[in-house]
Amino acid sequence: MNRIILFTIGLISPNILHAQPTDTLVIQRITGSIVVDGVIDESGWNELSPLPLVTYSPVFGKSPSEHTEIRVGYDEKYLYLSGKMYTRNAQDIQGNSMIRDLDLEGDFFNVLIDSYNDNENMLNFSTTPTGNRQDAEVINDAEGDSFYNPSWNAFWDTAVTINEDGWFSEIRIPFTTLRFDENDNGDVIMGLIIHRRISALNERLIFPAIPPQWNFARMKASKAQKILFKGLRSKRPLYVAPFVVSGVEQHELSDGNSEFSTDTQVGLDIKYSLSNNMTLDATLNTDFAQVEADITQVNLTRFSLFFPEKRQFFQERSGIFAFNTGGNTRLFYSRKIGLSDRGEPIKILGGMRVTGRVKKLDIGLMDLQTASLDTLDSENFGVLRFRNQLFNNYSFIGGMMTSRINNSGDRNISYGLDGIFRLTASDYLSVKWAHTVSDTSDEAQDVSIQDEGTAYVFWEKRALDGFGYNTEYSRIGELYNPAMGFIFRKNITSLSQGFRYGKLLESHGLLLRYTPYVSANVIYQNDSHILRDYTLSGGVNFDFLTRASVSIEYAHLYIKLVDDFNFLNRILIPIDEYSYDRVTLSYSTSPANNFRTTTDIEFGTFFNGFRRSLSFSPLWNVSKHLSLGMRFEHNYIHFSESDESIEAGIASINLTTALDIHLSMLAFVQYNSLEENLSSNIRLRYNFREGHDLFLVYNNQLTSNDMSGDVQQIASSNAVTLKYLYTIVK
């Protein structure tokens, strides 16, 4: 096994004391004990004043339609919240699911906490009238395409009761779950945002009074209410989670015979607080059997598809490891660890992960070792990340280093520097640079830094209403190769410019807001300086009071192919210059409806032909015990010159059912018509309590694809896995 020595870059930071702004809200310590049962009758609650909520949407600032009392208190171990969600007509209360982490809209009460007071990251804890729990992580101040991470899970408790007056909730969050930075006096400052959603009225209440002037303003850590805890001291718990996994697999061969294999393994996950704000996660013989399957996609582009990370080990404080250089391009992509390029699981033998904050410095460290698989060697993956606040509470500068080394001596080292700077109240500038070095045990290449590097600059005005803009520059070298990252293409320089204007209508009729926009993107090849692509687009988004939405977009595209494009491995599109047009229409009904749908239509010319695409995604909340979701996608492409056509479709069914908040089942079935592949993922879970689970997982693959005239050897496969997890807290 190769050893990697990761060096730490030290930044000298002054011993900054916790400032106490004049608008900081001092949280009162609770006297007496709180029993989390959903009955808010303890005397300690009466000593706390309710927080003043205002309407966030549909009309900001108006008096709420229903009375709400939210109280916040704490003791030496826990943060407590109680919510009295009064409702004039109890029949209007909507609790749509009892399954952990399943958000099917309806009513909810939630709290977002910026525990490190970094104005960038928040932890989201939410409950509904059914008493289920939803937790997530919000990163990058709720900006960008991937700021919301629902796969993050934590230890906390909630209980709910319902009567004719409304629904009532108590939430208890251990401070060991939050992590924080305290001063010598035990003073701790965090950020706080509270929501209540009244689904029957399409109304959302919020504290503090954050205006909806930015996309997802309701989740922005930079706008949170600062709260102060006095005399709070950190604890250092140890979580030890041994598990046993046993499974059987069956592969049916084309000759009618079947192959069977069985496997039983034990493993261990450990979480330990090295300090009040530094956490160690260690894993041995890692297993992700309970992770939900990826959603099937049809790739109509020339580039790789991107899939989100869902494995729990990589979730906590995942924002620390973010180093994005435009869209989904990034220096570090955790799915490179433990998954092959085809998405096949590769055994993770073990490793560790450290995340936390020291004063204004965020630190992330990761090191994992994978086993060999077929022709792939065992590999070691290392990541070091640091990021330091400077200038103001909304600006950062940092760096990242990754290493990937296999047993044959092949290695890839990537490193980069980045910064984000708040220039005005709404203007932000992001600057990033990265470089990669790859060699083998036999030779090393001598190339320029520019060819092996990337540079990225992004300036945006973050505004939902009024005039907004963004300017983006990106250059990716021909030999830039972040082996632990994700990139779509190389040897290009990209320039983008976008303008938009959001208008919130004061009349508050059926239409709430409209946002017209235009954008342009040009891409040049670095070595030849020829124009490779450009896109000119414009459209308008409409948001309605009911929370339904409509969008219309027209785009003109130019593509210069310098290599033949084997489209869907079926039709060869020859080298040439292509110019075509595209119209996209999207409509989403109100997410508050028990039956709702999203429809997308796209049509226009496509290379030397034309394309029609339809996507339809209905969802029916039958009851709090049962929901049924479906997705249908159909693409028809015809190429005029060759008179060839191709159809590619996806159909899926997602069934979720729960007896109560402990026992649930999720069934996900997908069919890809292009690959003639039918896959099923069924997961049965019994949650005894937080950290104590039993999973039964069934996976099935049926393939009858015959692209080259030869039937694939494996026509079907089945796997059943049983996993038992028990967490011991010390």
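The values are calculated or read from the model by the stated rules, or taken from the named source; none is laboratory data. Everything numeric here is computed off the predicted structure, so don't read it as measured data. All Cβ positions, glycine included, derive from the backbone under ideal geometry; neighbour counts span all protein chains shown. The area values use the complete protein model at the heavy-atom level, side chains included, leaving out ligands, DNA and RNA. Shrake-Rupley method; radii C 1.70, N 1.55, O 1.52, S 1.80 Å.
When each of the peptides 39-51, 411-423, 660-672 is scored by how many other beta carbons lie within 10 Å of its residues on average, the order from highest to lowest is 411-423, 660-672, 39-51. One chain, two ends: Asn470 and Gln28. Fully extended at 0.36 nm per residue, the span grows by 154.8 nm beyond their Cα-Cα distance. Taking a point 7 Å from the Cα of Asn594 along the Cα-to-Cβ direction, the residues of the stretch 95-112 with backbone N closer than 16 Å to it are 95-98, 104-107. Annotation for Asp37 and Asn566: the two label points, set 7 Å from Cα along the Cα-Cβ direction, are 6.7 nm apart.
Taking 0.36 nm per residue of sequence separation and removing the Cα-Cα distance, the Lys347/Ser372 pair yields an extension gain of 8.2 nm. Rolling a 1.4 angstrom probe over the stretch 312-358 with all protein chains present gives an accessible area of which 53% lies on carbon and sulfur atoms. The calculated FRET efficiency for the pair Ile552 and Trp459, based on their C-beta separation and a Förster distance of 25 Å, comes to about 0.40.
May I ask you to derive the FRET efficiency for Asp576 and Glu252 from their Cβ-Cβ distance with R0 = 60 Å, giving the value to the nearest 0.05? All intermediate terms of the calculation are to be shown ahead of the outcome.
Numbers: r = 44 Å, r/R0 = 0.74.
The pair Asp576/Glu252 has a calculated efficiency of 0.85.
Using the average count of surrounding beta-carbon atoms within 10 Å as a protection proxy, the listed peptides 170-183, 65-78 rank, highest first, as 170-183, 65-78.
How charged is the neighbourhood of Arg582? Take every other residue with its Cβ under 14 Å from the Cβ of Arg582, and add Lys/Arg as +1 and Asp/Glu as -1. Don't skip to the end; give the middle numbers.
Working: positive: Arg611, Arg612; negative: Asp533, Glu553, Asp581, Asp600, Glu602.
Its environment carries a net charge of -3.
Is the chain best put as rounded, prolate or oblate by its Cα gyration tensor, with a ≥ b ≥ c the root eigenvalues, rounded for a/c under 1.5, and otherwise prolate when a/b is larger than b/c, oblate when not? It comes out rounded by the Cα gyration axes. Over all directions, the projected convex hull of the C-alpha atoms in the stretch 477-548 averages 7.2 nm² in area.
Sequence-ordered 3J(HN,Hα) estimates for the stretch 155-164 from the Karplus curve with 6.51, -1.76 and 1.60 and θ = phi - 60° stand at 8, 6, 10, 8, 8, 9, 10, 10, 9, 5 Hz, glycine and proline given as x.
Can you work out the FRET efficiency for the pair Arg689 and Ser261, with r the C-beta to C-beta distance and R0 = 41 Å, to the nearest 0.05? Efficiency, rounded to the nearest 0.05: 0.75.
Using packing as a proxy for protection, rank 383-394, 218-229 so that the peptide with the highest average count of other Cβ atoms within 10 Å comes first. Mind dumping the intermediate values first?
Numbers: 383-394: 18.9, 218-229: 20.6.
Going from most to least packed, we get 218-229, 383-394.
Inter-label distance, Tyr587 to Ser642: 3.5 nm, where each label sits 7 Å from its Cα along the C-beta direction.
Quick one: accessible area per residue over the chain, 1.4 Å probe, rounded to a whole number of Å²?
Working: 32640 Å² over 730 residues.
Per residue, the chain has an accessible area of 45 Å².
Specify whether the C-alpha gyration tensor of the stretch 637-701 places it in the rounded, prolate or oblate class, a ≥ b ≥ c being the square roots of the eigenvalues: rounded for a/c under 1.5, otherwise prolate if a/b is larger than b/c and oblate if not. Numbers along the way, then the final one.
Working: a/c = 5.11, a/b = 3.87, b/c = 1.32.
It comes out prolate by the Cα gyration axes.
For the stretch 592-730, the fraction of 1.4 Å probe accessible surface lying on carbon and sulfur atoms is 61 percent. Counting protein heavy atoms only, the stretch 74-128 has 37 percent of its accessible area on carbon and sulfur, 1.4 angstrom probe.
Label-to-label distance for Thr161 and Leu510 is 4.4 nm, based on points extended 7 Å past Cα in the beta-carbon direction.
May I ask you to compute the full-extension gain from Ala209 to Tyr501, defined as 0.36 nm times their residue separation minus their alpha-carbon distance, rounded to one decimal in nm? Could the numbers behind the result be given before it?
Values: separation 292, 0.36 × 292 = 105.12 nm, distance 2.32 nm.
Result for the pair: 102.8 nm of gain on full extension.
Tell me whether the stretch 28-173 comes out rounded, prolate or oblate; compute the Cα gyration tensor, take square roots of the eigenvalues as a ≥ b ≥ c, and use a/c under 1.5 as the rounded threshold.
Working: a/c = 1.40, a/b = 1.14, b/c = 1.23.
In terms of gyration-tensor shape, rounded.
Ser519 contributes about 50 Å² of solvent-accessible surface, heavy atoms of the protein only, 1.4 Å probe.
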